[in-house]
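A.B. asks: Next up is a structure, given as structure tokens.
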Amino acid sequence: MPGFERFGAAERESAGEVLESGVLMRYGFDGMRKGRWMAREMEHALATRMQTRHAHLVSSGTAALTVALASAGVGAGDEVIVPTFTFVASFEAVLSVGAIPVLCDVDDTLTLDPGAVKKAITAKTRVIMPVHMCGSMADLRTLKAIADAHDLLLLEDACQAIGGSYEGKPLGSYGHIGCFSFDYVKTITCGEGGGLITNSDEIYERAQAYSDHGHDHIGSDRGAEGHPHLGYNYRIGEVNAAIGLVQLGRLDEFLDVQKAHYTRLRAVLESLEGVQLRRVPEGGIENYSFLNFFMPNENKARYSAKALGEAGFDGAFYWYDNNWHYHRKWDHLKNLESLSPLSEALVHQFQANPKSFKASDHWMGRNLSVLVKLSWDEKELQSRCRILKEVVSAALD
Ligand SMILES: *Cc1c(COP(=O)(O)O)cnc(C)c1O
């Protein structure tokens, strides 16, 4: 997945242009910047690549989710359905706007189970947030139908699946808003950064103002701009955007490499009876950032992850035991360990949520994820295929 593996001369040159001009900020300073607006250029390129009317960059993927929720008017008392398998950023963003994260089971796609989503909907639900974990997508057609039937917002977290598609549409563009992360370990990186895409003029206008203290960005005198509503600072800097602009231009190059590496490893697993591959919803194309599969039981999965690591095969994740990506270790969320007081209404509403997720545990307990890297050469690939075959075959015995 990591674009940092291919950080090179073009990225350095682009960042260098910003350093040369000295205009490190994305807004204003028109005269000094020699015609380069890196954040703006990357936004145009992102909207074009994702086939949406708008793209807006911010400081991180978490910020993108936060700004997306705020721009959609989500706040106090509103419930947001998020999967049990995701990165902590999902519920952080929900809590940061004062809304309530409602955890919901995942299925063999490793993303939201539409049946469980239906059951989780209450009169307070405002948003369904599918997270396209590890390179592949949720069943967006069914989730969109559910969202439409209940008048809910479909907010796609595509932070780990940029470049994948569903029914011909780039991931992130199927719902009302899509979010990406360009942090250091994502498929393409700005160092730190994030972005949201949408076809809604209203959401875009709100997002670009909200992420910059409410600035309406009308006219050419920043100090005289109006503030139609409250905002915050989630701006991206020009150096980060300059790097991301180059990386975005290389996205398809990275995807081709990931696909080639993924395909080789997948062939190994397909030759082993007893291994079940993750289900990709019909009409979906992965971004190939991870290869995911299920072992027959929890012990065999946990054992395989450990044995792969010991055999020098790094990047094999057993998320079931992971601190950051699966609900079992989110005690800080479940106990609402906030540094500052939360509203009593939020605490009360949150505590009513389900806390056990047997269906998720069934799939996640058996799941292994292999990170697909760009830097592997033929020798490395051959060695990885051999180790994967040896370890998984032994575990299946
Ligand atoms: C990385 C990630 C985020 C957050 O992105 P940051 O840029 O690190 O804030 C959100 N959701 C998912 C699924 C992620 O993997």
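The values are calculated or read from the model by the stated rules, or taken from the named source; none is laboratory data. Being a predicted model, the structure only gives us computed values, none of them experimental. Cβ: placed from backbone, ideal geometry, glycine included. Neighbour counts: every protein chain shown.
A.B. asks: Considering every residue within the stretch 52-60, establish whether at least one is of a type outside the set (D, E, K, R), within 16 Å of the ligand (Cβ to nearest atom) and closer than 30 Å to E344 by Cβ. If you could, list the steps in order and put the result at the bottom.
C.D. replies: The first filter runs over the stretch 52-60 and keeps only residues of a type outside the set (D, E, K, R), leaving 52, 54-60.
From the residues that got through so far, the ones that are within 16 Å of the ligand (Cβ to nearest atom) too are 55-60.
From what's left, closer than 30 Å to E344 by Cβ: 60.
Looking for residues that are of a type outside the set (D, E, K, R), within 16 Å of the ligand (Cβ to nearest atom) and closer than 30 Å to E344 by Cβ, one finds at least one in the stretch 52-60, hence yes.
A.B. asks: Please report, ordered by residue number, the helices (runs of 4 or more DSSP H) entirely within the stretch 1-100 with at least 3 residues that are over 18 Å from the mean Cα position of the chain (by Cα).
C.D. replies: Working: elements: 9-21, 38-50, 61-71, 89-96.
Answer list for the stretch 1-100: 9-21, 38-50.
A.B. asks: Quick one: would you say A209 is assigned by TED's automatic domain parsing to the domain that holds H44, aliphatic (A, V, I, L, M) and more than 12 Å from the chain's Cα centre (by Cα)? Before you say what the answer is, go through the steps one by one.
C.D. replies: Values: assigned by TED's automatic domain parsing to the domain that holds H44: yes; aliphatic (A, V, I, L, M): yes; more than 12 Å from the chain's Cα centre (by Cα): yes.
In short, yes.
A.B. asks: I've got another one for you. Please go through the stretch 70-84 and give me each residue that is under 20 Å from A120 (Cα atoms) and in contact with a helix residue (DSSP H, G or I) (Cβ under 6 Å, 6 or more places away or on another chain), ordered by number. Show your work before the answer.
C.D. replies: Initial filter on the stretch 70-84 (under 20 Å from A120 (Cα atoms)): 74-84.
Residues satisfying the conditions are V80, I81, V82, T84.
A.B. asks: For residues in the stretch 169-182 being more than 14 Å from the ligand (Cβ to nearest atom) and touching a residue at least 60 places away in the same chain (Cβ under 8 Å), which is farthest from L371 (Cα to Cα)?
C.D. replies: For the stretch 169-182, the residue satisfying everything is H176.
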